Amino acid sequence: MSKFIIAGLGNIGTEYAGTRHNIGFDVVHAFVKKHGGEFRVDRMAYVADIKWKGKQVVCICPTTFMNVSGKAFKYWVDKEKVPLENTLTIVDELALPLDKIRLRAAGSAGGHNGLKDIQHVLGTDQYPKLRFGIGNNYPKGMQADFVLSKWQKAEEPVVVFKINKCIEIIESFMTVGVGQTMTMYNNLSFGI
């Protein structure tokens, strides 16, 4: 049975719930809910185990806070003995507009502190990432406030639509692989 780790990055605490920066948590929670799983509190993460189409899927939402996600990520990768190519890390992405999702087999952190920490802890950027575009509609110097803000009412339908598309992408990633999934989804626009 092949094994995967699906990691959604975010910050714990009610003040961060539903913010742009927590979209990784939201996607993984939606995936777990769709597949009838339940989260438990475990070492450095909320963890849910899913069995799907002959695959064992360990879903994690690190509880270490975004900027120190690497320790939790590495702990679960090592504990579950999952090769990095069988992991998928889901994050918010300022450099992508709201209507875009971008899957990559590897590549730089691109300024994302959660990914920077994972890269630092692992010593490599060679692991798959799913970036959920949140746009960059904020005044100069207000980036932190923007990423920690909640979605606007007008954005919510697109966000819900994209979360469901991300579930499809996760399933595709685990069945046909990162290359074919990138071809299928990376150039689509998810505006409603």
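The values are calculated or read from the model by the stated rules, or taken from the named source; none is laboratory data. Note that the structure is predicted; figures quoted are calculated from it, not measured. In this analysis, Cβ positions are derived from the backbone assuming ideal geometry, glycine residues included, and neighbour counts consider all displayed protein chains. The protein model used for the area step is the full one, side chains on, heavy atoms only, and it has no ligands, DNA or RNA in it. Shrake-Rupley method; radii C 1.70, N 1.55, O 1.52, S 1.80 Å.
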> According to the square roots a ≥ b ≥ c of the eigenvalues of the Cα gyration tensor, what is the shape class of the stretch 96-179, taking rounded for a/c under 1.5, prolate for a/b larger than b/c otherwise, and oblate for the remainder?
Replying inline: oblate
>> Would any residue of the stretch 47-71 have its amide N under 11 Å from a label point 7 Å out along Cα→Cβ of R40? List them or say none.
In response: 47-49
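At 1.4 Å probe size, with every protein chain present, just tell me what the per residue accessible area of the stretch 1-160 comes to in Å². Please report the intermediate quantities before stating the final value.
Details: 7410 Å² over 160 residues.
Per residue, the stretch 1-160 has an accessible area of 46 Å².
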>> Give me, ordered by chain and number, the residues 5 or more places off W52 or on other chains with an amide H under 5 Å from its own placed amide H.
In response: V57
> Farthest toward the dipole's positive end in the stretch 122-192, which of S149, M174, L188, given Cβ charges of +1 (Lys, Arg) and -1 (Asp, Glu) about the Cα centre?
Replying inline: S149
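Can you pull out the GluC sites (Glu not before Pro) in the stretch 87-188 that DSSP calls coil and that have at most 15 other Cβ atoms within 10 Å?
On the way: sites: E93, E155, E168, E171; in loops: none.
Loop-located and lightly packed - none at all.
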>> For Rg and Dmax of the Cα atoms in Å, pick the label among (1) 15.6, 43; (2) 15.3, 49; (3) 17.9, 60 that corresponds to the value derived from the coordinates.
In response: (2)
>> Taking the Cα centroid of the stretch 1-79 and of the stretch 119-140, what is the distance between the two, rounded to the nearest whole Å?
In response: 16
>> Can you compute the FRET efficiency between M184 and A109 using 1/(1 + (r/R0)^6), with r the Cβ-Cβ distance and R0 = 35 Å? Round to the nearest 0.05.
In response: 0.90
> Among L98, L122, L130, which one shows the biggest mean-square fluctuation in a GNM of the chain, springs joining Cα atoms closer than 10 Å?
Replying inline: L122
> Pairs K33/K81; K140/K165; K79/K100; K129/K150: which exceed 29 Å Cα-Cα?
Replying inline: K140/K165; K79/K100
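Want the number for E15 to M1: 0.36 nm per residue separation, take away the alpha-carbon distance, what's left?
Taking 0.36 nm per residue and subtracting the Cα distance, the gain is 1.2 nm.
Counting only protein heavy atoms and a 1.4 Å probe, tell me what percentage of the chain's accessible area is made up of carbon and sulfur. Please report the intermediate quantities before stating the final value.
Working: 4730 of 8890 Å².
Percent of accessible area from carbon and sulfur atoms in the chain: 53.
Using the Cα gyration tensor of the stretch 1-105, with a ≥ b ≥ c the square roots of its eigenvalues, what is the shape: rounded (a/c below 1.5), prolate (a/b larger than b/c) or oblate (neither)?
Details: a/c = 1.45, a/b = 1.29, b/c = 1.12.
It comes out rounded by the Cα gyration axes.
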> What residues qualify as long-range amide H neighbours of T89, i.e. H under 5 Å apart, gap of 5 or more or another chain, H built at 1.01 Å from N?
Replying inline: A7, K129, L130
> Which net charge results when you count Lys and Arg as +1 and Asp and Glu as -1 among the other residues whose beta-carbon is under 12 Å from that of I118?
Replying inline: +2
